[in-house]
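Undergrad: Attaching a single structure in structure tokens format; questions to follow.
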Amino acid sequence: MTRRERVIAAINHIQPDVCPYTVGLTRQAYERLIDYVRDPNYVERIGSHITGAKYGWKAEEPPGSGYWRDHFGVVWNKNGVDKDIGVVERYLIPEPDLSLYNFPEVDRAAVRRACEELIAAAGDTFTVFEIGFSTFERAWTLRGMENLLVDMITEPKFVHGLLDAICEFNLAVMDEALKYPIDGFLFGDDWGQQRGTIMGAPHWREFIKPRMKRVYERAKRAGKFVMQHSCGDIYELLPDLIEIGLDVYQTFQPEIYDVQAVKREFGRDLAFWGGISTQRVLPWVTPDEVKRIAREMIRIVGAGGGYIAAPTHSIPGDVPPENIVALVEAFQSQ
């Protein structure tokens, strides 16, 4: 089987010959890993089964400043501890009033370039177009998370208008990407805390679910797979996500979920992507233990398909590089 065929089989709950896997790295982890293995081409030889492309993330302004402006005009300060994403410097909608902000136009040429680069680099891998900070996250980057959560109670009309505008933007991006032979979309939007959802299930169902349903339906009508990233505990939302068409849930955190129980309950409808904890496993255990845990996760969650083995997030800089190598060896030696 090709890598793409393995991913498709897993999503369709068919046992592939090898459990598909991916390994994502933060910049700090990548630099430590390359220094450790002394091989600048090591990452290309990992064999990850999924290739992704993003549209319109950030440009450093001015170069060397550590401040990065994204395609919505939000400025991220990467001079602190978080050097991969950063923190929002200033919220662009200081009051619950949409007239204070002008939404950007979709740079269709940039979407096309991203898709063309994705297809050119894909080889035999499964291809996903990624729309990160897709709904709730994009809204709070513009308004502020605390403000937005309060607005859900005190200014619901404003929140609906803001989320509708974001949804229309995402649909326009998707329409451009759908001109290319990609396999699916990965939507990034963190809804969970370590226990439970950030905004609570009722507010998620009122404000977030209708917009996710629209983007999922756009992908499904075109015959594409739908993948959703959300950190944290979104157990109570999984039936809703299945209802509106989700195929793959990422990221599947074993420090939050009983992975065997969730697989039993939802494994006929959802495939799971993740499972190797970057919080409680990869930074702390020995390389041999990394291998044991990875193989056990593949055996348990990968039984009958429905699993893409991976770290639960892009591997952070506190993970010893020897543990990254051990994880890769466990994946490659199936």
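Undergrad: In the neighborhood of Cys115, defined by Cβ-to-Cβ distances under 15 Å, what is the net charge if each Lys or Arg adds +1 and each Asp or Glu adds -1?
TA: It works out to a net charge of -1.
Undergrad: Which FRET efficiency value, to the nearest 0.05, do you get for Ala222 and Gln279 by plugging their Cβ-Cβ distance into 1/(1 + (r/R0)^6) with R0 = 45 Å?
TA: Working from the Cβ atoms, E equals 0.80.
Undergrad: With the cut-off at 27 Å, tell me which of the pairs Lys54/Lys263; Lys54/Lys220; Lys157/Lys220; Lys58/Lys157; Lys58/Lys179; Lys78/Lys220 have Cα atoms farther apart than that.
TA: The answer is Lys54/Lys263; Lys157/Lys220; Lys58/Lys157; Lys78/Lys220.
Undergrad: Can you check what the net charge comes to around Val285, using other residues whose Cβ is under 14 Å from the Cβ of Val285 (Lys, Arg +1; Asp, Glu -1)?
TA: Numbers: positive: Arg280, Lys291, Arg292, Arg295; negative: Glu255, Asp288, Glu289, Glu296, Asp318, Glu322.
Surrounding charge for Val285 is -2.
Undergrad: Summing +1 for each Lys or Arg and -1 for each Asp or Glu, what net charge is found among the other residues whose Cβ lies under 10 Å from the Cβ of Met212?
TA: Around Met212, the surrounding residues sum to +1.
Undergrad: Would you calculate a helix-derived [θ] at 222 nm for the chain, using -39,500 (n - 2.57) for each DSSP H run of n ≥ 4 and dividing by the full residue count, to the nearest 500?
TA: -12000 deg cm²/dmol
Undergrad: Could you please state, rounded to a whole Å, how far the C-alpha centre of the range 94-154 is from the C-alpha centre of the range 27-54?
TA: 26 Å
Undergrad: Continuing with the same structure: HN-Hα J couplings of the range 164-177 from phi, Karplus 6.51/-1.76/1.60, θ = phi - 60°, integer Hz, Gly and Pro as x?
TA: Karplus-based 3J(HN,Hα) across the range 164-177 equals 5, 5, 5, 4, 4, 4, 4, 5, 5, 4, 4, 4, 6, 5 Hz.
Undergrad: Relative to the present Cα-Cα distance, how much length would full extension add between Ala59 and Gln334 at 0.36 nm per residue of separation? Could you put the intermediate results ahead of the total?
TA: Working: separation 275, 0.36 × 275 = 99.00 nm, distance 3.97 nm.
Length gained between Ala59 and Gln334: 95.0 nm.
Undergrad: How far is the Cα center of the range 260-325 from the Cα center of the range 183-256, in Å?
TA: Answer, in whole Å: 20.
Undergrad: Give the order of Met199, Met1, Met145 when sorted by the count of other beta carbons within 10 angstrom, beginning with the fewest. The partial results should precede the final answer.
TA: Numbers: Met199 21, Met1 13, Met145 16.
Ranked by crowding around the Cβ, least crowded first: Met1, Met145, Met199.
Values quoted throughout were computed directly from the atomic coordinates according to the rules given, and no laboratory measurement underlies them. Treat the numbers as computed from the prediction; the structure is a model and nothing was measured. Glycine gets a Cβ as well: all are built from the backbone with ideal geometry, and neighbour counts include every protein chain shown.
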